[in-house]
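Just below is one structure, and these are the notes that go with it.
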Amino acid sequence: VVKLVLVSLLLLTALSLPALPGLPLLGNIGRPLTLTSPGSLAELLDAAAPQTEAALLIASDGTAVRVYRNAFSRLRLANEQNAWNVYGDSLPPVCDLRNLAGIAVDRANRTFALHLLDGTEERETITPYAAVLRQFELLGTSERNGCTAMKYRRIADSFTIPTDSLLALCIGRPELFPDIAQVTFERYYFSAAGDTIVGLWRNPPAESMFTLHEKLSGLMKEGPLLVLFVDSYGLRLHQHLSAQGCEFALQGLSPLRAAYPSKTASSYWAFGTGSSYWLRNKRGVILEDVLQSGDNAVLVEDDHPYYQAPVPVLAITDANGDGAIDDDIYRQALLELKQPHDFLMVHFHSIDDSGHDFGPYSPERLECTRQVVGYVNELVAAWNGPVLIFSDHGMHDDGKQGGTHGSALIDDMLAMWGRIK
Ligand SMILES: [Zn+2]
Ligand SMILES: [Zn+2]
């Protein structure tokens, strides 16, 4: 009972104290974060935002100081008289700041970076940390004990980017051609009219996963349709093959806009339904507007098909256990070619798999591409009717040894398509 009373008293005391709001973190954090206790900046940041490389300490009066990782252990965050203050231990005196308003952190997390795309190029990537920095002007640099401190002063209360009839890539919403005037930076992401914006694309390729869907019914009127889905064969891989003089690059293809996020699930959904992945239903059935059950049609997929269709979706396994799936998919496709199909779709996966494992431009991936393009050419030659080839996204180096995709980076957003026959 005594313990219970003590605990209750402690709780009451804690509740009655005026609580100082947490100190907001800004920049490359990926989600709202605050620092709530005083202490060594190195320890506080390691706990809240690991692998922070640099930080901008921002005081309420508009003064700011940029320091790097090696200075963090010399900085102490204090909570005094209802304010957050910071003190440097043997650092340039500018590091002592009163009344902090927030700390912007620079780290590799680029979740909410804004990609400015133009045609098939990336004009600029603005990370949330860079967006904070652009609201400040550098006044001078000082150094002590191997630590650099850069003093800034605030010159703008916000950071905005004008948008003039660009395509906007959003999180949680279909892509937009916004009539909004600007994109505004908000603490750790960019927004416009309530949407989180990760890309602005001037002159995007006219064809997208959505417009490709619209072509399907027209193509099917011209004869039995073969659709070859070459996962991850993006424009950058295609350009690399051409630059290397690889004669096996797929011929007759043009750039295609992936759906954002630049992943199989979202681009496949957009291709299969003409609608945005953000609006998908739980049924997960594609091609319902072009195929009916009972049609002479089949989809040849790997052992974990993303979606179902009104017609059979064959889940092919790695029957010969060689670790690759596309040889098995190719063999099944050859069997299907002998059937009187009005629609046959074959989804090759290995170019994506080997890119993830070995890197976008690794010898392993190039060899894999050579093989898959061989399968594609064989199937095209054997088909009587129109052939549509497309890929769902590109890929970029993950900075370690593999490849990744899913971002609004141009390398990820550029897929390819072509009507071959
Ligand atoms: Zn994919
Ligand atoms: Zn992938």
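It is to be established whether one or more residues within segment 192-203 are more than 30 Å from Ile103 (Cα to Cα) and surrounded by fewer than 20 Cβ atoms within 10 Å (Cβ to Cβ).
yes
Need a quick list: helices (runs of 4 or more DSSP H) entirely within segment 349-421 having at least 3 residues that are in contact with a helix residue (DSSP H, G or I) (Cβ under 9 Å, 6 or more places away or on another chain), more than 15 Å from ligand 2 (Cβ to nearest atom) and of a type outside the set (A, V, I, L, M).
Ranges flagged: 363-382.
Only residues in segment 378-398 that are over 14 Å from Tyr233 (Cα atoms) count as the first member; pair them with residues that are among the small types (Gly, Ala, Ser) and within 16 Å of ligand 2 (Cβ to nearest atom), Cβ under 7 angstrom, at least 6 apart or cross-chain, and list the lot.
Asp397/Gly359; Asp397/Gly403
Residue-wise test of (1) within 24 Å of Ser276 (Cα to Cα); (2) within 16 Å of ligand 1 (Cβ to nearest atom); (3) without any contact (Cβ under 8 Å) to a residue 60 or more places away in the chain; (4) crowded, with 22+ Cβ neighbours inside 10 Å.
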| residue | (1), (2), (3), (4) |
| --- | --- |
| Met220 | yes, no, no, no |
| Val227 | yes, yes, no, no |
| Asp231 | yes, yes, no, yes |
| Leu241 | no, no, no, no |
| Cys246 | no, no, no, no |
| Ala258 | yes, yes, no, yes |
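Is one or more of the residues making up segment 224-238 small (Gly, Ala, Ser) and more than 16 Å from ligand 2 (Cβ to nearest atom)?
Among the residues of segment 224-238, not one is small (Gly, Ala, Ser) and more than 16 Å from ligand 2 (Cβ to nearest atom), which makes the answer no.
Taking the conditions exactly as written (surrounded by 19 or more Cβ atoms within 10 Å (Cβ to Cβ), at negative phi and in contact with a Gly (Cβ under 8 Å, 6 or more places away or on another chain)), does Met413 satisfy them or not?
Answer is yes for this residue.
Let's see how each residue does on (1) over 28 Å from the mean Cα position of the chain (by Cα); (2) under 29 Å from Pro174 (Cβ atoms); (3) not in a helix (DSSP H, G or I):
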{"residue": "Ala270", "(1), (2), (3)": "no, yes, no"}
{"residue": "Val311", "(1), (2), (3)": "yes, yes, yes"}
{"residue": "Gly323", "(1), (2), (3)": "no, no, yes"}
{"residue": "Ile329", "(1), (2), (3)": "yes, no, no"}
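Please work out which one of (1) modelled with pLDDT of 95 or more; (2) under 23 Å from the mean Cα position of the chain (by Cα) is the condition Arg370 fails and give its number.
If we test Arg370 against (1) modelled with pLDDT of 95 or more; (2) under 23 Å from the mean Cα position of the chain (by Cα), just (2) comes out false.
Hey, among Ser391, Ser362, which residue is out of contact with any Asp or Glu (no Cβ under 6 Å at 6 or more places or on another chain) and crowded, with 22+ Cβ neighbours inside 10 Å?
Going through Ser391, Ser362 in turn, just one is out of contact with any Asp or Glu (no Cβ under 6 Å at 6 or more places or on another chain) and crowded, with 22+ Cβ neighbours inside 10 Å: Ser391.
The values are calculated or read from the model by the stated rules, or taken from the named source; none is laboratory data. Please read all numbers here as calculations on a predicted model, not as lab measurements. All Cβ positions, even for glycine, are placed from backbone atoms using ideal geometry, and neighbour counts span all protein chains on display.
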